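Structure first, commentary second.
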Amino acid sequence: MKNVDSAFHVTGRSIYLDDIVVQQGTLYALPYDAPSAHAHVKKLDLSQAMAVPGVVRILTYKDVPGENQIGGIIPDEPLFVEKEIHFWGMPVALIIATSEDIAIQARKLITIDLEELTVITDPREARARGELIIPPRTFKLGDTKKAWAECAHVFEGRADTNGQEHLYIETQGAYAYPTEHGSIRISSSTQGPTAVQRTVARVLGVPMHKVEVDVTRLGGGFGGKEDQASAWATVVALASFLLKKPVKLAMHRMDDMRMTGKRHPYSSDFKIGLDKDLKIVAYEATFHQNAGASADLSPAVMERTLFHATNSYFVPNVEVTAYCCRTNLPPNTAFRGFGGPQGMFVIESAIAKVAQELGVSAREIQRRNLMQEGSEFSYGQIAEHVNATPAWELADKTFDFDTQQAEIDTFNAKSETHKKGMAIMPICFGISFTNTPMNHARALVHVYQDGSVGVSTGAVEMGQGVNTKMVQVAAQVFSIDPSRVKLESTNTTRVANTSPSAASATADLNGKALEIACNAILDRIKEKASRMLDPGSSPGQARPEAITIVNEAVLNNGQSTDLDWQQLIHACHWDRVNLSESGHYATPEIHFDKTKEKGHPFAYHVYGTAAVMVTVDCIRGTYVVDAVKLVHDFGKRMNDAVDIGQVEGGVVQGLGWMTMEEIVYNDKGRLLSNALSTYKIPDIHSVPKELRIETLPTDGHPMAIRRGKATGEPPLMYGIGVYFAIQNAVIAFRAERGEGVAHMVYSAPYTPERVLMDLYG
Ligand code: MTE
Ligand code: HPA
Ligand code: MOS
């Protein structure tokens, strides 16, 4: 089935936040943000800005009627600066004016006197100074201390990954207006409508039922609007609440880039030990997560780094520790993969190091250590339905790693200026919120008396295609044409207490809730059908189990009848059958005990293997990704176009993180890569020349919606292979010149400058 939104998207008719028709008298908000990363505020002067005609009011923390606090996991994040600034870009005040232009003029006239304090931007330095947001956490399996003695080879090293700007096409924003009885209605570009509702209620000091949040869709979120949409919705809600006027904020790109957090940079140390057969016996890692100035989602992101620290490999002795380091950067946040990619990069670096030092292929080490059925993860979950080896083997069979490598070697032997490199990247990603209580969802279904269906769930459409999947679920359960099903906006008054659309679990959680609701209605209408088709029977004698609906035809014992969906619904309505239902789904089986760091946190894992081929121009340090060929564990794929689109987008976003997206803060904590002229994301020319996606044939997984596994985040991690493919080309070049690999560092992004330094360093 086609994406329900595609025609509207390509003809510009889809409604994003900035397309909402505003009410008469709408005012425009603009944040004034801190021009320093760490300072005491001595004096804030708003008088000149207030004097600009058209400026209605300028709000600060003093105007907050409830709590000036938006921290979700830990209450350590003021909405507005009080006495101390914690990061460059932290909101200090909110200008409300009759137009955006006026607000921009006024912002230039605000002055602030500061007493500058020490700025920390490096997570290792933060750790050394004891600046930790939560105590460190350690996942342990076996006993690494004893295991080193059993190892034939032990290597240590360091691996660093930089952050990543979400660069959703639609920037952060919200539109709020007062409704009756002191209530407020907010349209927000958020992945978490309930998070917005809760935060607004807290800051305004009102109960949650006074706050209605509505989301039509997002022009991308990628994790950046899981938590960080709340601040912007809250500031407009505050202005609207105090002024009793509609207020809008659609952020300018550079404001958004400067004021919001990004993917967490990590700086990590590893130690890996193998036996003589290249089996990994022990692995230790220490992760320094650059959390930024407050917790935001960092503790949860850090946890996922630990969960994915050994990627697709079984390692019998593991000890991995993570530090959540407080720095003076904007609070870093969720980003596709949620800490998993950062953990995986480190073990892939460790394997690359072993390969380089021993002169064996990384591929051989990877293959010999893949998880098997029944392998134990360091967090205690026993791996089931393990598709690591099947995905690897199918990839090898289909793409023929040996032949590919031989072709690369032949090319490299002939070419002096260009070298090719290949890397294999297996992935294993756990599906479920790592925080077990978040794994539930609701849906609300109305079958209207004409047979059309309205569906509301807690799922937010952000481009990942979840609305299309929800239409498919309802249409499949009822066996009706998808055109009968309309997906409503995501709204806190229709579906309450939602988890954010995140963790790749949106379609699973909301889809299962929707199935439950649809099935409850189906039971009632079947009961009515059986009474209609067997008029003599009393209600107790009806046999609803004999009724099926197939493509809108009502069958009795498999035989066709005169009744169809539309007639049956009409009859149900006049017989006073309830045609509405709410469904609730909570993922069964999952649990996790943080006091032991053991449990079964994931409903299932998604596996896959990618082969990545690149060509490096060894004079310029530039490179092209020739091919990414992969076998992916989709399960029983629900929607080809949507799911393949997720893999394509994930691969490209992942390689962007690994190669070109370079976030730079100066030592004062000021963002230098603060616009699209200084921050490069992949464009069409960066897309692999060949991107081949094969499906691993399986039965799918029962805990995945319609047995089709989650596809949102896992494919991003194939992009990690691009880093190592480039490095292998660099190594080929160095080898020819008789240079060793001893200096090899593992530090992403592998920009052309870094490649040049590695080629000749
Ligand atoms: N795809 C598009 N087009 N836009 C997005 O914002 N977000 C990603 C992924 N794919 C995103 C996307 C992230 S971070 C997650 S967690 C999942 O989609 C969320 O949606 P899902 O749970 O329905 O997979
Ligand atoms: N993924 C994404 N978002 C989350 C998670 C997770 O595992 N846990 C809490 N928020
Ligand atoms: Mo995705 S990082 O879980 O929003």
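The values are calculated or read from the model by the stated rules, or taken from the named source; none is laboratory data. All values reported here derive from a predicted model rather than from experimental measurement. All Cβ positions, glycine included, derive from the backbone under ideal geometry; neighbour counts span all protein chains shown. Surface areas here come from the heavy atoms of the whole protein model, side chains and all, with no ligands, DNA or RNA. Shrake-Rupley method; radii C 1.70, N 1.55, O 1.52, S 1.80 Å.
Report yes if residue 570 is within 30 Å of residue 527 (Cβ to Cβ), out of contact with any Leu (no Cβ under 6 Å at 6 or more places or on another chain), loosely packed, with under 15 Cβ neighbours inside 10 Å and touching a residue at least 60 places away in the same chain (Cβ under 8 Å), otherwise no.
yes
For segment 553-593, give me the residue count where each residue is under 30 Å from residue 139 (Cβ atoms) and part of a strand (DSSP E or B).
5
Of the residues that sit in segment 18-50 and are among the small types (Gly, Ala, Ser) and within 17 Å of residue 240 (Cβ to Cβ), which one is most open to solvent (accessible area, probe 1.4 Å)?
Filtering segment 18-50 for residues that are among the small types (Gly, Ala, Ser) and within 17 Å of residue 240 (Cβ to Cβ), the one most open to solvent (accessible area, probe 1.4 Å) comes out as 25.
Please go through segment 112-161 and give me each residue that is touching a Lys or Arg at 6+ places or on another chain (Cβ under 8 Å) and under 30 Å from residue 32 (Cα atoms), ordered by number.
Hits for segment 112-161 are 112, 113, 114, 115, 119, 120, 126, 131, 132, 133.
Within segment 478-532, count every residue that is within 16 Å of ligand 1 (Cβ to nearest atom), of a type in the set (S, T, N, Q) and assigned to a helix (DSSP H, G or I).
Number satisfying all stated conditions: 2.
Taking interchain pairs and intrachain pairs at least six residues apart, which have beta carbon atoms under 6 angstrom, with the first residue in segment 158-173 and surrounded by fewer than 19 Cβ atoms within 10 Å (Cβ to Cβ) and the second in a loop (DSSP other than H, G, I, E, B)?
Short answer, once both residue conditions are applied: 169/219; 169/220.
Only one of these conditions is not met by residue 475: (1) under 22 Å from residue 711 (Cα atoms); (2) within 16 Å of ligand 1 (Cβ to nearest atom); (3) of a type in the set (A, V, I, L, M). Which number is it?
Failing condition for residue 475: (2).
Among the residues of segment 237-252, is any open to solvent by less than 50 Å² (accessible area, probe 1.4 Å), within 26 Å of residue 97 (Cβ to Cβ) and within 19 Å of the chain's Cα centre (by Cα)?
No; the residues of segment 237-252 include none that is open to solvent by less than 50 Å² (accessible area, probe 1.4 Å), within 26 Å of residue 97 (Cβ to Cβ) and within 19 Å of the chain's Cα centre (by Cα).
For the condition away from ligand 2 (no atom under 16 Å from the Cβ), open to solvent by 20 Å² or more (accessible area, probe 1.4 Å) and over 24 Å from residue 190 (Cα atoms), what is the one hit in 494, 484?
484
Would you be able to say whether some residue in segment 637-646 is touching a Lys or Arg at 6+ places or on another chain (Cβ under 6 Å) and hydrophobic (A, V, I, L, M, F, W, C)?
Yes, segment 637-646 contains a residue that is touching a Lys or Arg at 6+ places or on another chain (Cβ under 6 Å) and hydrophobic (A, V, I, L, M, F, W, C).
Would a scan of segment 216-228 turn up a residue that is open to solvent by 10 Å² or more (accessible area, probe 1.4 Å), touching a residue at least 24 places away in the same chain (Cβ under 8 Å) and away from ligand 3 (no atom under 16 Å from the Cβ)?
There is at least one residue in segment 216-228 that is open to solvent by 10 Å² or more (accessible area, probe 1.4 Å), touching a residue at least 24 places away in the same chain (Cβ under 8 Å) and away from ligand 3 (no atom under 16 Å from the Cβ).
Restricting attention to segment 682-699, which residues are aliphatic (A, V, I, L, M), in contact (Cβ under 8 Å) with a residue 24 or more places away in the chain and surrounded by fewer than 16 Cβ atoms within 10 Å (Cβ to Cβ)?
687
Any idea how many residues of segment 402-446 are open to solvent by 10 Å² or more (accessible area, probe 1.4 Å), farther than 23 Å from residue 384 by Cα and either of a type in the set (S, T, N, Q) or within 16 Å of ligand 2 (Cβ to nearest atom) (or both)?
Final tally of qualifying residues: 7.
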